[in-house]
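The values are calculated or read from the model by the stated rules, or taken from the named source; none is laboratory data. Worth saying up front: this structure is predicted, and the values here are computed from it rather than measured. We place every Cβ from the backbone using ideal geometry, glycine too, and count neighbours over all the protein chains shown. Just so you know, the surface numbers come from the protein's heavy atoms only, side chains and all, with ligands and any DNA or RNA stripped out. Shrake-Rupley method; radii C 1.70, N 1.55, O 1.52, S 1.80 Å.
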Amino acid sequence: MSIILNHVSHIYSEGTADEVRALDDVSLEIADGEFLGLIGHTGSGKSTLVQHMNALLKPTSGQVLYNGEDIWAKGSDKARIRSKVGLVFQYPEYQLFETDVFTDVCFGPKNLGLSRVEAEARAYEALERMNFPKERWYMSPFDLSGGQKRRVAIAGVLAMKPEVLILDEPTAGLDPYGRRELLDMLKGLQRDEGLTVVLISHCMDDVAGYADRAVVMEKGKVFMNGTPAEVFFRHRELEEIGLGAPSVTYIMEKLAAAGFDVKTDVMNVEDAAKEIRGCLRI
Amino acid sequence: MFKDITLGQFYQADSVMHSLDPRTKLVGTFLYIIALFIANDAAAMAAAVVFLCIAIALSRVPASFMFRGMKGIALILLLTVGFNIFLTPGVPIWTWGPLKVTAEGLRSAAFLACRLVLLISGTSVMTLTTTPNSLTDAMESLLLPLTHIKVPVHEIALMMSIALRFIPILMEETDKIMKAQMARGADFESGNFMKRAKSMVPILVPLFVSAFRRASDLAMAMEARCYSGGEGRTKLKPLKYGRGDVVAYIVQIAFVAAVILL
């Protein structure tokens, strides 16, 4: 169930004055069941990249393979690929349109040609899975808060039972608590149901804390690709392209500079706490 | 999908036409259109063609751009020419069944085709060398006398420039909404007319919601900056006539006079 991008390039408005090379010879493999963090600046090509994974954009050159099949081969079923590779866009406002939350979540499964009962069962399951408060299931999606809208949007894609879930900055605009809750939920989906998760994020802390692998995009190319530890170990290079390391890494560096005997390649709060305790012997 | 559509076909270049005041170009185009309808003999038409060619040459816009707009009216052009050739009463010079071609028909078809082509390319010269925003400015400035009869000229101009400003934004947004719904399995291409019309709902609802939200945000932002309408408001780039504009006006008036006399 892997996605393979083979030398994919994408050029917007090719042959006109505002031609933009958004992806430049990107080769990448996303393994089954992994949690991939995709980091990069605005305009680095992250969003363009993920839109290739579910056949929303056609590569200018190169191939995208899903389970070994070229998704742009003649006669390929793009609707099926889109249902298997679910993509949640950054703004839930772009997809919510129904009169109530539940009907909106039913939209995806209904498009798969499922019966009403089946679609509703899927919607029920997805909303449950997203921990969406029951008393709001029949509210208008437009009356929800930003965080709730986002959950409904994710549920809308989850209800199609994808094998891969791609989320474009799902934590943008959420408070720290909502952010953690959402990421924990995604981690749970990956762990318990074997879902492959691709998370686009601006936030180094999110990627460091949750992803198995981090891919850094810069100017349409893969700039780094490795475990979060490997990637953030090179945070000086990341800083040069305007990114950085998780905030705990900086704290540990400052502590080390102040003379405390702590490791500096620490990526998340738990490890940092352990390290500090070890240093202070408490 | 919408990346290929350009609105207000402004072509960036550094030319005499570009540097003219937008009011001059607006009035000039208006005069040119009037002249086209006054002209009803070959000499006047030829003068109009020459005039336009000079204007195109001065604008430094590639001629291919000028005639790109022609594709859109090709069908209308064909129909009007057809109707004029076959349906104008007069002396028939060729008949075939119920169809007859008259000399008068040929003449009026030729003039009409000429007029239409000149009309479209003439206005293209204006839109290709003037940004939509300066056109709106020009319109506001030219219509200003109407404020005396209580026409809200400034507000109309403001509405126009806001609408122009938002078209690319809403296009981009439509594109994103379509993709978001396609990711949920929406299908906009198959099915009969009713089914397709219904499949537009998942696009239109988010689009309208977003348009209203943007409108209200914009209104709020304008109020926060104490916007209070047109009275006493100055411009960042006030329109100013230069020497070129005086020359352009003289040439235009001379041209219209020539067409009337010819």
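Values computed for the structure shown
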read-out	value
Cα-derived Rg to Rh of chain B, Kirkwood definition	1.06
Whole-angstrom Cα spans of the protein assembly as shown along principal axes, big to small	105, 63, 47
Pairwise centroid distance, computed over Cα atoms, of the stretch A:147-183 with the stretch A:1-80, Å	22 Å
Around A:Leu195: net Lys/Arg minus Asp/Glu count, Cβ-Cβ under 12 Å	0
Helix A:101-111 axis, angle to chain A major axis (alpha carbon atoms, nearest 10°)	70 degrees
At least 40 Å² of accessible area lost relative to the chain alone, listed for the stretch A:71-87 with a 1.4 Å probe	A:Arg82
Average other protein chain Cβ within 10 Å of Cβ, residues B:23-34	0
P(r) histogram, all alpha-carbon pairs of the stretch A:3-228 included - 10 Å bins from 0, percent	8, 33, 36, 19, 4, 0
With Cα atoms, 0 to 90° folded angle of helix A:247-257 axis to chain A main axis	10 degrees
Nearest 10 degrees, 0 to 90: helix A:269-280 Cα axis against chain A principal axis	10 degrees
Value at 222 nm in deg cm²/dmol, rounded to 500, when DSSP H runs of n ≥ 4 in chain A each add -39,500 (n - 2.57)	-12000 deg cm²/dmol
Kirkwood Rh in Å, taken over the stretch A:67-183 so that all alpha-carbon pairs contribute	14.7 Å
Of A:Lys110/B:Lys179; A:Lys221/A:Lys263; A:Lys74/B:Lys198; A:Lys110/A:Lys187; A:Lys46/B:Lys198; A:Lys161/A:Lys187, pairs whose Cα-Cα distance is over 24 Å	A:Lys221/A:Lys263; A:Lys74/B:Lys198; A:Lys110/A:Lys187; A:Lys46/B:Lys198
Net +/- balance of residues flanking B:Ile203 in space, Cβ distance below 15 Å, scoring K and R +1, D and E -1	-2
Burial ranking of peptide ranges A:65-77, B:46-58 (average Cβ count within 10 Å, highest at the top)	B:46-58, A:65-77
Local net charge near B:Gly122, Cβ-Cβ under 14 Å (Lys/Arg +1, Asp/Glu -1)	+2
Sparse-neighbourhood loop sites, trypsin sites (Lys or Arg not before Pro) in the stretch B:214-262 - DSSP loop, at most 11 other Cβ within 10 angstrom	B:Arg225, B:Arg233, B:Lys235, B:Lys240
Histogram of C-alpha separations across the stretch A:148-282, 5 Å bin width, %	2, 9, 17, 19, 17, 15, 11, 5, 2, 1, 0
Vicinal HN-Hα couplings computed from phi for the stretch A:178-187 (Karplus, 6.51 cos²θ - 1.76 cosθ + 1.60; Hz; Gly/Pro x)	x, 4, 5, 4, 5, 5, 4, 5, 5, 4
Where chain B is the region considered: accessible area per residue in Å², 1.4 Å probe	61 Å²
Rounded accessible area per residue of the stretch A:50-94, 1.4 Å, Å²	41 Å²
Shielding by partners - mean other protein chain Cβ count within 10 Å, residues of A:93-106	4
Mean Kyte hydropathy of 0.5 or more with a Cα span along the axis of at least 20 Å, helices from DSSP in chain B	B:22-38, B:42-59, B:70-87, B:103-129, B:153-182, B:201-224, B:243-261
Structure-based [θ]222 nm, chain B - -39500 (n - 2.57) summed over DSSP H runs of at least 4, per residue, nearest 500	-23000 deg cm²/dmol
Per-peptide average of other Cβ atoms within 10 Å, ordering A:233-240, A:263-270 highest first	A:263-270, A:233-240
Relative intensity, log₁₀ I(q)/I(0), of the stretch A:218-282 from a Debye sum that treats every alpha carbon as a point, q = 0.24, 0.25 Å⁻¹	-1.00, -1.06
Percent carbon-and-sulfur accessible area, the stretch B:145-224, ignoring ligands, DNA and RNA, probe 1.4 Å	72 percent
Portion, in percent, of the accessible area of the stretch A:3-228 that falls on carbon or sulfur, probe 1.4 Å	48 percent
Minimum 30 Å² accessible area buried by the other protein chains, the stretch B:166-188 residues, probe 1.4 Å, relative to alone	B:Lys176, B:Lys179, B:Ala180, B:Met182, B:Ala183, B:Arg184, B:Gly185
